[in-house]
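Engineer: The structure is given below, and queries will be raised subsequently.
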Amino acid sequence: MKLYLDIFYKLSWILTVITGFSSVITNSKVNGFFLFFFTITTLTQLLGTYLFSKEKDGLKIFTHYFSIVIVATAFLISVSLMKSNVFSFIIYYISYNLMLSFILNNYFKYFEDKDNLLKLIKFLNLNYFDLFDTQLHIKLFNNKKGITPDTVSPVGPYSPGLLKDNELYISGQIPVNYETNEIPESFVEQVKLVMENLKKILNTAGFTFKDVVQVSVFVTDISKFKEFNIVYETYFKKPYPARFVVEVSKLPKNVDIEISCIAKK
C-alpha cells in the first residue's frame, strides 16, 4: 500500500510539473491537464495525510486534521489563483511549499527539544510524502546531540554524553564531585560517585541504567574488583549489560576508577 501510494504520488507530481510548465510557456496560462493532475496530486496528499496517524490521541488528532485542512485549503486557494493570474499562482505555490517546510521544521524542533526524535518517527507515518520523507532522512543523518548535565563540567574538549538517534555514548566518568571538585578517598565511595555521575548523564538524556547495554571499567587495583561489584550490583539488575574490566597503571587526577558506557533504547 505504502509503495503504490508513493509511486502514484511521484508520477502525479511529475505530470503536474510538466503540464504546468508547458502550459505556462505556450499559453501563459494553466490548462485543464494541469488542473487535473494537480487535483490528483492533492487528493493523494490528502490520503497520505489521513494515513499520518494510526492512533488518534492527544497531539496526533490535532496533527491529523490540521494537515488535512492545510492541504485542502491550499488547493482551493491555488484553484482560485489559477483563474485570476498564473504568476500569482506560481508565487503562492512556492510559498505553500515553504510553509510545509516550516511546519515540518517545527515538528522536528518540538521533538528535538524533548530529546526524543524517535517519537516523531512513530508519531508521523512519513512514507507517504516525498518532502517529509527526504527531510526526515536528512535530519536522521545529522541527528547528533551533546549531553551535559548542569552540574557536570568537562575538563577537556569532549561531551560527557553523545546522543545519536536512540543510542547514548557516555565518556569515561571519574569520581569527581563537580559541585565541590572533591574526590573521595575510599575506593567504595569513588565507585559510588562514578555511578552517580553516570546516572546524571543518563537521566539528562532520558535514559536509565536499564537502558545500558555495555560498560567499560578501568581500575588501578584489580584486587578491589570484589568491592567494585558490590556497589555495581546496586545499580544494575539482571540481565546485566555486557562489560569488561581492565587494570591500568594510572588514571586522570590519580583516581582509582573510571567508567564509560553505552545505552540504547
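The values are calculated or read from the model by the stated rules, or taken from the named source; none is laboratory data. What you see is a predicted model, and the numbers here were worked out from it, not measured in a lab. Note that we place each Cβ from the backbone using ideal geometry, even for glycine, and neighbour counts take in every protein chain shown.
Engineer: Looking at Glu233, Glu227 in this structure, which one is without any contact (Cβ under 8 Å) to a residue 24 or more places away in the chain and more than 18 Å from Thr148 (Cβ to Cβ)?
Structural biologist: Selected residue: Glu233, the only one of Glu233, Glu227 that is without any contact (Cβ under 8 Å) to a residue 24 or more places away in the chain and more than 18 Å from Thr148 (Cβ to Cβ).
Engineer: In addition: Suppose the filter is touching a Pro at 6+ places or on another chain (Cβ under 6 Å), of a type in the set (A, V, I, L, M) and more than 15 Å from Ile262 (Cα to Cα); does Ile183 pass it?
Structural biologist: Judged against the criteria, Ile183 is a match.
Engineer: Turning to a different aspect of this structure: Which numbered condition trips up Met195, out of (1) modelled with pLDDT under 95; (2) crowded, with 19+ Cβ neighbours inside 10 Å; (3) under 16 Å from Val215 (Cβ atoms)?
Structural biologist: Single failed check for Met195: (1).
Engineer: I'd like to know if segment 199-211 contains one or more residues that are part of a loop (DSSP other than H, G, I, E, B), surrounded by fewer than 19 Cβ atoms within 10 Å (Cβ to Cβ) and not charged (D, E, K, R).
Structural biologist: There is at least one residue in segment 199-211 that is part of a loop (DSSP other than H, G, I, E, B), surrounded by fewer than 19 Cβ atoms within 10 Å (Cβ to Cβ) and not charged (D, E, K, R).
Engineer: Further question: For segment 153-189: of the residues being more than 26 Å from the chain's Cα centre (by Cα) and of a type in the set (Val, Ile, Thr), which is nearest to Ser216 (Cα to Cα)?
Structural biologist: Only one residue tops the list, namely Ile174.
Engineer: Yes or no: segment 230-240 includes at least one residue that is loosely packed, with under 14 Cβ neighbours inside 10 Å, at pLDDT 95 or above and part of a helix (DSSP H, G or I).
Structural biologist: yes
Engineer: On to the next question. Give all pairs with beta carbons closer than 8 Å in which a residue from segment 135-160 that is at pLDDT 70 or above meets a residue that is among the acidic types (Asp, Glu); count only pairs at least 6 apart in sequence or on separate chains.
Structural biologist: Going by the 8 Å Cβ cut-off, the qualifying pairs are Lys145/Glu112; Lys145/Asp115; Thr151/Glu179.
Engineer: Still on this structure, please answer the following. Please specify each residue of segment 158-192 satisfying the condition of being surrounded by 14 or more Cβ atoms within 10 Å (Cβ to Cβ) and assigned to a strand (DSSP E or B).
Structural biologist: Matches in segment 158-192: Gly161, Leu162, Leu163, Glu167, Leu168, Tyr169, Ile170, Ser171, Gly172, Gln173.
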